[in-house]
Amino acid sequence: MEPEDRYNASLTDEGHYRILLDAVPECAIYMMNTEGVVVSWNEGAQRLLGYETKEIVGENFSCFYASSDNQAELPRQSLAIASKERKFTGQCWQKRKNGTRFWAEIVIFPIRNPLGPLVGYAKITRDISEIRAVREALWRCEERFRLLVEGENTHGVYMLDPKGEISTWNSAAEQIHGYTADEIVGENFSRFYTEADRAAGLPKQMLETATKTGRHEKEGWRLRKNGTLIWTRVILDAIRDPDDNLIGFAEIVRDLSDDYGLPDDMREPAPASPMGE
């Protein structure tokens with residue numbers, strides 16, 4: 001088509017539609033009839049799935065699905081859901097012309113004429129393989145961290161939000177402080193400090209120092225649930241997202257009372273502070 005003819009065609013409704021479709025190169029956007037046979041194809045579809053228009057128009061869209069998904073009739077079911085609920089959304093593997101596959105986000109809309117009967121479907125496919133890989137990597141890191149924390153039996157390890165409220169709690173923290181996770185998650189970590197330290201603003205100072213420098217280490221007295229005192233070493237690390245925004249803190253606590261040989265008379269019960277103070 002000559003440039004002038006292409007321009008004239010773009011002035012029609014169909015031309016506007018074609019410009020719109022080809023202006024979204026990162027997505028495969030194509031139309032199907034009521035049986036799922038491809039009837040139109042945009043540049044994004046060619047780029048993502050590898051077929052030229054003449055190769056794929058007239059073929060059923062099930063050719064993009066894995067054999068296991070075809071056996072489970074996923075393509076047919078997705079059309080049925082789209083027709084019934086006016087939209088289908090999902091994620092699954094899609095297959096390119098060269099046989100490689102990618103993890104896709106799929107949206108299917110039914111198309112009806114003004115009188116109501118179904119005349120076909122519009123399908124939008126987006127490659128989200130990188131997003132899925134990042135999510136899986138993050139999940140693996142979180143799972144390894146969880147196993148590491150739960151397997152640690154000498155150091156209390158727990159997470160705090162930016163205000164110092166506890167969001168996770170491992171078994172060693174329960175042994176050191178005496179609180180179960182159900183009792184302490186959601187409470188502020190300042191409850192482990194003596195009344196004098198709280199009055200002096202020590203918990204707040206620790207958060208501020210860790211925020212500024214990335215880490216704060218300190219030894220001192222801490223309160224257990226039963227009111228007794230223990231001598232601990234605390235490491236508080238600031239946790240930031242990729243944009244350098246503070247999202248919380250990781251605190252590691254070790255009870256050094258036995259290491260220092262502190263006599264029992266140095267571990268007298270301290271005045272108990274009520275929950276929430």
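Quick notes on this structure:
- Number of residues in segment 157-166 that are assigned to a strand (DSSP E or B) and closer than 16 Å to Thr211 by Cα: the value is 3.
- Qualifying residue in segment 135-149 (condition: part of a loop (DSSP other than H, G, I, E, B) and either at pLDDT 95 or above or surrounded by fewer than 17 Cβ atoms within 10 Å (Cβ to Cβ) (or both)): no
- Residues located in segment 83-95, provided they are surrounded by 14 or more Cβ atoms within 10 Å (Cβ to Cβ) and not hydroxyl-bearing (Ser, Thr, Tyr): Phe88, Cys92, Trp93, Gln94, Lys95
- Listed by position, the helices (runs of 4 or more DSSP H) enclosed by segment 1-97 that each have at least 1 residues that are at pLDDT 90 or above are 43-49, 53-56, 67-71, 74-85.
- Hey, Ile106 surrounded by 14 or more Cβ atoms within 10 Å (Cβ to Cβ) and either at pLDDT 95 or above or closer than 21 Å to Tyr65 by Cβ (or both) or not: yes
- Gly116 being in contact (Cβ under 8 Å) with a residue 40 or more places away in the chain and at positive phi: no
- For segment 25-63, the set of residues classified as open to solvent by 40 Å² or more (accessible area, probe 1.4 Å), free of Cβ contacts under 8 Å to residues at least 40 places away in the same chain, within 17 Å of Ile106 (Cβ to Cβ) and touching a Gly at 6+ places or on another chain (Cβ under 7 Å) consists of Asn60 only.
- The residue that is nearest to Glu43 (Cα to Cα), among those in segment 109-126 that are open to solvent by 60 Å² or more (accessible area, probe 1.4 Å) and part of a strand (DSSP E or B), is Arg126.
Here's the yes/no breakdown for (1) at pLDDT below 90; (2) farther than 30 Å from Val134 by Cβ:
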{"site": "Thr180", "(1), (2)": "no, yes"}
{"site": "Phe192", "(1), (2)": "no, yes"}
{"site": "Asn245", "(1), (2)": "yes, no"}
{"site": "Val253", "(1), (2)": "no, yes"}
{"site": "Leu262", "(1), (2)": "yes, yes"}
{"site": "Met266", "(1), (2)": "yes, yes"}
{"site": "Ala270", "(1), (2)": "yes, yes"}
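The values are calculated or read from the model by the stated rules, or taken from the named source; none is laboratory data. Every value quoted in this text rests on a predicted model; they were computed, and no experiment measured them. Ideal geometry is used to build each Cβ from the backbone, glycine not excepted, and the neighbour counts take in all protein chains shown. Heads up: the accessible areas ignore ligands, DNA and RNA and are worked out on the full protein's heavy atoms, side chains in. Shrake-Rupley method; radii C 1.70, N 1.55, O 1.52, S 1.80 Å.
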